[in-house]
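The values are calculated or read from the model by the stated rules, or taken from the named source; none is laboratory data. Computed from a predicted structure; not experimentally measured. Positions of Cβ are backbone-derived with ideal geometry, glycine not excepted, and every protein chain shown enters the neighbour counts.
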Number of protein chains: 2
Amino acid sequence: MIRQFADVEPTHFNNDQAKGVAARVVIGRKDGAENFFMRVFEIAPGGSTPKHRHDWEHEMFIHSGEGELHMNGQCTPLRSGNVVFVPGNEEHQIKNSSGELFTMVCLVPSKAPEL
Amino acid sequence: MIRQFADVEPTHFNNDQAKGVAARVVIGRKDGAENFFMRVFEIAPGGSTPKHRHDWEHEMFIHSGEGELHMNGQCTPLRSGNVVFVPGNEEHQIKNSSGELFTMVCLVPSKAPEL
(Lines give C-alpha, C1' and ligand atoms only; values in the text may rest on other atoms or scores of the structure.)
Protein backbone atom coordinates (compact mmCIF):
# COMPACT_ATOMS: atom_id res chain seq x y z
CA MET A 1 0.00 0.00 0.00
CA ILE A 2 1.29 3.42 -1.00
CA ARG A 3 -0.48 6.72 -0.38
CA GLN A 4 0.39 10.39 -0.06
CA PHE A 5 -0.21 11.42 3.54
CA ALA A 6 -2.04 14.60 2.50
CA ASP A 7 -4.62 12.53 0.60
CA VAL A 8 -5.91 11.06 3.87
CA GLU A 9 -8.90 12.93 5.31
CA PRO A 10 -7.67 14.88 8.36
CA THR A 11 -9.30 15.24 11.77
CA HIS A 12 -9.03 18.84 12.93
CA PHE A 13 -8.44 19.75 16.57
CA ASN A 14 -9.26 23.26 17.73
CA ASN A 15 -10.27 23.39 21.37
CA ASP A 16 -8.98 24.40 24.79
CA GLN A 17 -6.24 21.78 24.67
CA ALA A 18 -5.20 21.46 21.04
CA LYS A 19 -5.03 24.28 18.52
CA GLY A 20 -4.45 24.34 14.78
CA VAL A 21 -3.83 20.59 14.52
CA ALA A 22 -4.72 18.48 11.45
CA ALA A 23 -4.20 14.80 12.32
CA ARG A 24 -4.21 11.81 9.97
CA VAL A 25 -3.95 8.06 10.55
CA VAL A 26 -1.83 7.17 7.52
CA ILE A 27 -1.13 3.50 8.39
CA GLY A 28 -3.69 1.89 10.68
CA ARG A 29 -5.41 -1.34 11.53
CA LYS A 30 -7.46 -1.38 8.33
CA ASP A 31 -4.23 -1.36 6.32
CA GLY A 32 -3.08 -4.53 8.07
CA ALA A 33 -0.95 -2.86 10.76
CA GLU A 34 -1.05 -5.03 13.89
CA ASN A 35 1.90 -3.83 15.96
CA PHE A 36 2.07 -0.05 15.60
CA PHE A 37 0.27 2.79 13.82
CA MET A 38 1.61 5.75 11.85
CA ARG A 39 -0.03 9.16 12.10
CA VAL A 40 0.98 12.48 10.53
CA PHE A 41 0.28 15.75 12.37
CA GLU A 42 0.32 19.17 10.76
CA ILE A 43 0.43 22.03 13.25
CA ALA A 44 -0.37 25.54 12.04
CA PRO A 45 1.75 28.52 13.17
CA GLY A 46 0.91 29.26 16.81
CA GLY A 47 -0.79 25.89 17.23
CA SER A 48 -0.05 23.03 19.61
CA THR A 49 -0.95 19.49 20.54
CA PRO A 50 -2.50 18.98 23.99
CA LYS A 51 -0.25 18.90 27.06
CA HIS A 52 -0.95 15.33 28.14
CA ARG A 53 0.42 11.97 29.23
CA HIS A 54 -0.49 8.33 28.59
CA ASP A 55 1.07 4.97 29.30
CA TRP A 56 2.31 4.33 25.73
CA GLU A 57 5.37 5.74 24.02
CA HIS A 58 5.71 7.99 20.96
CA GLU A 59 8.32 7.70 18.24
CA MET A 60 8.40 10.87 16.15
CA PHE A 61 10.16 12.08 13.03
CA ILE A 62 10.04 15.79 12.15
CA HIS A 63 9.37 16.09 8.42
CA SER A 64 9.24 19.86 7.96
CA GLY A 65 9.06 23.17 9.77
CA GLU A 66 10.22 24.25 13.22
CA GLY A 67 8.60 23.61 16.56
CA GLU A 68 9.19 22.97 20.24
CA LEU A 69 8.97 19.90 22.45
CA HIS A 70 7.84 20.65 25.99
CA MET A 71 8.72 17.74 28.28
CA ASN A 72 10.23 17.37 31.77
CA GLY A 73 9.79 21.12 32.31
CA GLN A 74 12.12 21.77 29.40
CA CYS A 75 11.50 23.38 26.01
CA THR A 76 13.64 21.94 23.21
CA PRO A 77 13.60 23.20 19.61
CA LEU A 78 12.56 20.78 16.87
CA ARG A 79 13.49 20.92 13.20
CA SER A 80 13.35 18.78 10.08
CA GLY A 81 15.21 15.48 10.50
CA ASN A 82 14.94 15.40 14.30
CA VAL A 83 13.74 12.18 15.90
CA VAL A 84 12.04 12.12 19.30
CA PHE A 85 11.33 9.30 21.74
CA VAL A 86 8.68 10.15 24.35
CA PRO A 87 8.55 7.35 26.97
CA GLY A 88 5.20 6.22 28.35
CA ASN A 89 3.76 8.31 31.21
CA GLU A 90 5.89 11.35 30.34
CA GLU A 91 3.92 14.60 30.04
CA HIS A 92 4.57 16.18 26.64
CA GLN A 93 3.38 18.84 24.24
CA ILE A 94 4.45 19.95 20.76
CA LYS A 95 4.13 23.59 19.72
CA ASN A 96 4.65 25.37 16.45
CA SER A 97 6.26 28.65 17.42
CA SER A 98 7.34 29.45 13.86
CA GLY A 99 5.56 31.20 11.02
CA GLU A 100 5.31 28.11 8.83
CA LEU A 101 3.50 24.80 8.88
CA PHE A 102 5.09 22.13 11.11
CA THR A 103 4.72 18.49 9.99
CA MET A 104 5.67 15.43 12.03
CA VAL A 105 5.25 11.70 11.80
CA CYS A 106 4.22 10.15 15.15
CA LEU A 107 3.93 6.43 15.82
CA VAL A 108 2.20 4.59 18.64
CA PRO A 109 2.00 0.92 19.62
CA SER A 110 -1.24 -0.86 18.78
CA LYS A 111 -2.40 -0.82 22.40
CA ALA A 112 -2.99 2.94 21.91
CA PRO A 113 -5.93 4.49 20.04
CA GLU A 114 -5.10 5.07 16.37
CA LEU A 115 -5.73 8.78 16.98
CA MET B 1 15.31 11.94 23.81
CA ILE B 2 15.84 14.17 20.78
CA ARG B 3 18.51 13.70 18.14
CA GLN B 4 19.16 14.67 14.55
CA PHE B 5 19.08 11.50 12.46
CA ALA B 6 22.23 12.46 10.57
CA ASP B 7 24.19 12.59 13.87
CA VAL B 8 23.76 8.82 14.31
CA GLU B 9 26.70 6.80 12.96
CA PRO B 10 25.54 5.08 9.75
CA THR B 11 26.11 1.50 8.63
CA HIS B 12 27.01 1.44 4.95
CA PHE B 13 25.81 -1.30 2.61
CA ASN B 14 27.61 -1.80 -0.69
CA ASN B 15 27.50 -5.39 -1.86
CA ASP B 16 25.81 -7.64 -4.39
CA GLN B 17 22.40 -7.08 -2.84
CA ALA B 18 22.42 -3.51 -1.47
CA LYS B 19 24.13 -0.55 -3.08
CA GLY B 20 24.73 3.00 -1.90
CA VAL B 21 22.74 2.58 1.32
CA ALA B 22 23.53 4.41 4.58
CA ALA B 23 21.35 2.97 7.35
CA ARG B 24 20.83 4.31 10.86
CA VAL B 25 18.92 2.99 13.88
CA VAL B 26 17.60 6.31 15.20
CA ILE B 27 15.28 4.93 17.92
CA GLY B 28 16.18 1.51 19.22
CA ARG B 29 16.13 -0.74 22.24
CA LYS B 30 18.80 1.24 24.06
CA ASP B 31 16.59 4.34 23.87
CA GLY B 32 13.80 2.49 25.67
CA ALA B 33 11.86 1.39 22.60
CA GLU B 34 10.18 -1.94 23.36
CA ASN B 35 7.50 -2.30 20.69
CA PHE B 36 8.99 -1.00 17.44
CA PHE B 37 12.20 0.53 16.12
CA MET B 38 12.80 3.54 13.85
CA ARG B 39 15.52 3.47 11.21
CA VAL B 40 16.44 6.09 8.58
CA PHE B 41 17.84 4.97 5.21
CA GLU B 42 19.64 7.22 2.79
CA ILE B 43 19.99 5.75 -0.70
CA ALA B 44 22.45 7.37 -3.12
CA PRO B 45 21.50 7.93 -6.78
CA GLY B 46 21.48 4.54 -8.54
CA GLY B 47 21.48 2.68 -5.22
CA SER B 48 19.00 0.19 -3.82
CA THR B 49 18.08 -1.85 -0.77
CA PRO B 50 18.24 -5.65 -1.18
CA LYS B 51 15.37 -7.46 -2.88
CA HIS B 52 14.22 -9.55 0.05
CA ARG B 53 11.37 -10.77 2.22
CA HIS B 54 10.89 -11.46 5.93
CA ASP B 55 7.99 -12.26 8.18
CA TRP B 56 7.65 -8.78 9.72
CA GLU B 57 6.04 -5.69 8.24
CA HIS B 58 7.54 -2.32 7.31
CA GLU B 59 5.93 1.07 7.83
CA MET B 60 7.73 3.71 5.78
CA PHE B 61 7.57 7.49 5.37
CA ILE B 62 9.44 9.10 2.46
CA HIS B 63 11.21 12.19 3.78
CA SER B 64 12.98 13.47 0.66
CA GLY B 65 13.95 12.60 -2.87
CA GLU B 66 12.40 10.29 -5.43
CA GLY B 67 12.60 6.52 -5.67
CA GLU B 68 10.77 3.36 -6.64
CA LEU B 69 9.09 0.58 -4.70
CA HIS B 70 9.36 -2.83 -6.36
CA MET B 71 6.75 -5.19 -4.91
CA ASN B 72 4.30 -7.76 -6.33
CA GLY B 73 6.03 -7.51 -9.70
CA GLN B 74 5.11 -3.82 -9.87
CA CYS B 75 7.27 -0.71 -9.84
CA THR B 76 5.63 2.28 -8.13
CA PRO B 77 7.21 5.75 -7.88
CA LEU B 78 7.92 7.16 -4.42
CA ARG B 79 8.21 10.81 -3.44
CA SER B 80 8.36 12.98 -0.34
CA GLY B 81 5.31 12.57 1.87
CA ASN B 82 4.42 9.08 0.60
CA VAL B 83 3.70 6.41 3.19
CA VAL B 84 4.18 2.71 2.46
CA PHE B 85 2.96 -0.41 4.25
CA VAL B 86 4.84 -3.57 3.29
CA PRO B 87 3.09 -6.61 4.81
CA GLY B 88 5.14 -9.46 6.26
CA ASN B 89 6.43 -12.08 3.75
CA GLU B 90 6.05 -9.70 0.79
CA GLU B 91 9.16 -9.46 -1.40
CA HIS B 92 10.20 -5.81 -1.72
CA GLN B 93 13.01 -3.52 -2.82
CA ILE B 94 13.52 0.26 -2.83
CA LYS B 95 15.57 1.91 -5.56
CA ASN B 96 16.76 5.45 -6.05
CA SER B 97 16.43 6.03 -9.77
CA SER B 98 16.83 9.80 -9.45
CA GLY B 99 19.90 12.02 -9.43
CA GLU B 100 19.47 13.11 -5.80
CA LEU B 101 19.70 11.51 -2.37
CA PHE B 102 16.60 9.56 -1.30
CA THR B 103 15.77 9.51 2.41
CA MET B 104 13.12 7.37 4.07
CA VAL B 105 12.04 6.48 7.59
CA CYS B 106 11.35 2.75 7.99
CA LEU B 107 9.91 1.13 11.12
CA VAL B 108 9.86 -2.50 12.17
CA PRO B 109 8.27 -4.34 15.11
CA SER B 110 10.62 -5.33 17.92
CA LYS B 111 10.62 -8.99 16.88
CA ALA B 112 12.77 -7.89 13.91
CA PRO B 113 16.48 -7.04 14.08
CA GLU B 114 17.04 -3.32 14.68
CA LEU B 115 18.89 -3.20 11.35
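Before moving on, here are some points about what is shown:
- For region B:106-115, residues that are touching a strand residue (DSSP E or B) at 6+ places or on another chain (Cβ under 7 Å), away from chain A (no Cβ under 11 Å) and either among the hydrophobic types (A, V, I, L, M, F, W, C) or over 19 Å from B:ALA6 (Cα atoms) (or both) total 1.
- Hey, B:MET1 within 20 Å of A:VAL108 (Cβ to Cβ), surrounded by fewer than 18 Cβ atoms within 10 Å (Cβ to Cβ) and touching a residue at least 12 places away in the same chain (Cβ under 8 Å) or not: yes
- Where A:ALA18 falls short, out of the listed (1) touching a Lys or Arg at 6+ places or on another chain (Cβ under 9 Å); (2) crowded, with 17+ Cβ neighbours inside 10 Å: (1)
- Taking every residue in region B:26-45 that is farther than 11 Å from B:PRO113 by Cα and pairing it with any residue that is hydroxyl-bearing (Ser, Thr, Tyr) and crowded, with 23+ Cβ neighbours inside 10 Å, at least 6 positions away or on another chain, the pairs with Cβ-Cβ distances below 8 Å are B:PHE41/B:THR49; B:ILE43/B:THR49.
- Within the set B:PHE37, B:PHE13, the sole residue that is aromatic (Phe, Trp, Tyr) and either on the phi > 0 side of the Ramachandran plot or more than 10 Å from every other protein chain (Cβ to nearest Cβ) (or both) turns out to be B:PHE13.
- Taking region B:76-101 as the range and being in contact with a helix residue (DSSP H, G or I) (Cβ under 6 Å, 6 or more places away or on another chain) and part of a loop (DSSP other than H, G, I, E, B) as the test, only B:GLY81 passes.
- Of the residues making up region A:46-105, just one is facing chain B (nearest Cβ under 8 Å) and out of contact with any strand residue (DSSP E or B) (no Cβ under 7 Å at 6 or more places or on another chain), namely A:PRO87.
- For region A:97-109, the count of residues that are touching an Asp or Glu at 6+ places or on another chain (Cβ under 7 Å), at positive phi and buried (at least 18 other Cβ atoms within 10 Å of the Cβ) is zero.
- Those strands (runs of 3 or more DSSP E) lying entirely in region B:31-75 with at least 3 residues under 17 Å from B:PHE13 (Cβ atoms), of a type outside the set (Gly, Ala, Ser) and at pLDDT 95 or above: B:36-48
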